[in-house]
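Here is the structure we will look at.
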Amino acid sequence: MNLILYVIYYSSIIFNFVWILLTIYFGFIIFRLKKDANKTNEYSKKPPNNEYSYYIRYLYSKKIDSATFISTIFELILKNSISLRRYNKSEYFFINNKVDENLNKSEIEIKNILFKKLGDGEKVSINSIRNSSKKNSGYFYAIYKEWQDTLKCEVLKKKYFKRVKPLIDKTIFYFSFSFVTVFLDFIFLKINVAALIIFTITSTLIVKVNNYLKIDDELKNQYIEWIKFKNYIKSCNNDLIDLDTITLEKYCLYAYIFDEKENFKKVINKKYSKDKESIENSVLLSLVNLGIFDNIEKEIRKSIKIAKINYTYFFARNKGRG
């Protein structure tokens with residue numbers, strides 16, 4: 001009996017040592033994935049296609065987030081399906097223009113959220129959106145998640161990314177080995193802290209590896225072209241100021257989803273000083289120039305964040321009960 005315990009004890013030590021080696025290996029894999037990401041310092045003056053900005057947000061960041069939500073709203077404004085009006089000098093409303101032709105499911109869902117679920121069918125104020133996120137966070141976050149799921153179905157059809165099956169297969173072995181190591185540390189070595197550390201690190205690495213999406217080989221060139229276009233927007237030597245209003249409107253949303261809003265705003269400000277009329281004739285560019293876009297974006301982003309925090313806190317407090 002003592003011999004069996006002796007073997008188990010030293011086997012546990014060996015398992016811990018092997019686990020350290022495996023963790024270093026998976027850490028190296030994650031490092032290489034980030035290092036080998038498609039990057040370029042070149043730039044291109046035109047995007048590779050006219051894809052909607054919210055799709056490119058997913059291609060660029062692999063996220064469906066508040067920036068995606070906001071860019072969808074402003075795409076609808078460019079389509080004249082939604083308009084923005086100011087009442088009482090300071091309160092802004094989204095207005096339902098009821099122009100719903102050629103809208104995809106995620107755009108229709110955004111309109112349902114704004115006008116049917118948060119508004120009165122005809123309009124919804126920015127203040128109403130913010131108040132709903134505070135007072136009815138569970139409902140607000142639930143309808144936001146429904147929209148995320150709708151858009152996710154759309155982007156999956158685009159087949160931008162593919163999972164790396166060999167990595168997933170390796171993580172199954174890594175998880176199994178780590179589970180045994182945690183069990184041995186907890187039961188035989190009596191080092192609960194080590195077991196907790198191993199469990200935490202293992203979980204983190206598995207999530208990182210399994211969530212890694214490799215861009216499809218056929219779309220890699222398109223992705224690189226989008227990065228080149230991002231570099232162009234970011235460049236202080238670009239000639240965006242010379243472009244026509246319609247083109248600038250489209251590029252404005254691309255700049256936003258690439259997190260280059262401030263750089264693009266400088267272009268619009270310069271364009272305004274050179275050609276005031278063209279900016280004032282564009283709803284979107286006027287909003288950017290006057291800083292109204294920033295305020296609306298801030299309020300919507302804050303509303304989503306508040307709803308998520310409140311919803312998560314309520315869920316945790318009630319241990320998953322409704």
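The values are calculated or read from the model by the stated rules, or taken from the named source; none is laboratory data. Since this is a predicted model, take the numbers as computed values, not measurements. Here the Cβ is made from the backbone with ideal geometry for all residues, glycine too, and neighbour counts use every protein chain on show.
Structure data summary
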{"item": "Pick from the range 37-70, criterion among the basic types (Lys, Arg) and more than 23 Å from Glu146 (Cβ to Cβ), ranking: nearest to the chain's Cα centre (by Cα)", "result": "Lys39"}
{"item": "The range 263-286, residues that are in a helix (DSSP H, G or I), surrounded by fewer than 20 Cβ atoms within 10 Å (Cβ to Cβ) and over 25 Å from the mean Cα position of the chain (by Cα)", "result": "Asn269, Lys270, Tyr272, Ser273, Lys274, Lys276, Glu277, Ser278, Glu280, Val283, Ser286"}
{"item": "Number of positions in the range 189-200 that are in a helix (DSSP H, G or I) and surrounded by fewer than 16 Cβ atoms within 10 Å (Cβ to Cβ)", "result": "5"}
{"item": "Residues being under 23 Å from Lys79 (Cα atoms), among the hydrophobic types (A, V, I, L, M, F, W, C) and not in a helix (DSSP H, G or I) - total across the range 232-262", "result": "2"}
{"item": "Residues (assigned to a helix (DSSP H, G or I), among the hydroxyl-bearing types (Ser, Thr, Tyr) and without any contact (Cβ under 8 Å) to a residue 40 or more places away in the chain) located in the range 120-152", "result": "Ser128, Tyr139"}
{"item": "Filter result for Phe26 (outside any helix (DSSP H, G or I), surrounded by 19 or more Cβ atoms within 10 Å (Cβ to Cβ) and of a type in the set (A, V, I, L, M, F, W, C))", "result": "no"}
{"item": "Top-ranked residue in the range 234-262 [being over 17 Å from Lys46 (Cβ atoms) and either under 20 Å from the mean Cα position of the chain (by Cα) or charged (D, E, K, R) (or both); ranked as surrounded by the most Cβ atoms within 10 Å (Cβ to Cβ)]", "result": "Tyr256"}
{"item": "Among (1) in contact with an Asp or Glu (Cβ under 7 Å, 6 or more places away or on another chain); (2) part of a helix (DSSP H, G or I) - the single one Lys162 does not satisfy", "result": "(2)"}
{"item": "Extreme residue, modelled with the lowest pLDDT, among residues of the range 34-57 that are out of contact with any helix residue (DSSP H, G or I) (no Cβ under 8 Å at 6 or more places or on another chain) and not in a loop (DSSP other than H, G, I, E, B)", "result": "Lys35"}
{"item": "Condition met for Ser125 (touching a helix residue (DSSP H, G or I) at 6+ places or on another chain (Cβ under 7 Å), among the small types (Gly, Ala, Ser) and more than 30 Å from Asp216 (Cβ to Cβ))", "result": "no"}
{"item": "Single unsatisfied condition, Ile113 versus (1) assigned to a helix (DSSP H, G or I); (2) within 17 Å of the chain's Cα centre (by Cα)", "result": "(2)"}
{"item": "Any hit, the range 84-101, residues being of a type in the set (A, V, I, L, M, F, W, C), buried (at least 19 other Cβ atoms within 10 Å of the Cβ) and assigned to a helix (DSSP H, G or I)", "result": "no"}
{"item": "Candidates Glu42, Glu101, filtered to the one that is closer than 30 Å to Val124 by Cβ and of a type outside the set (Phe, Trp, Tyr)", "result": "Glu101"}
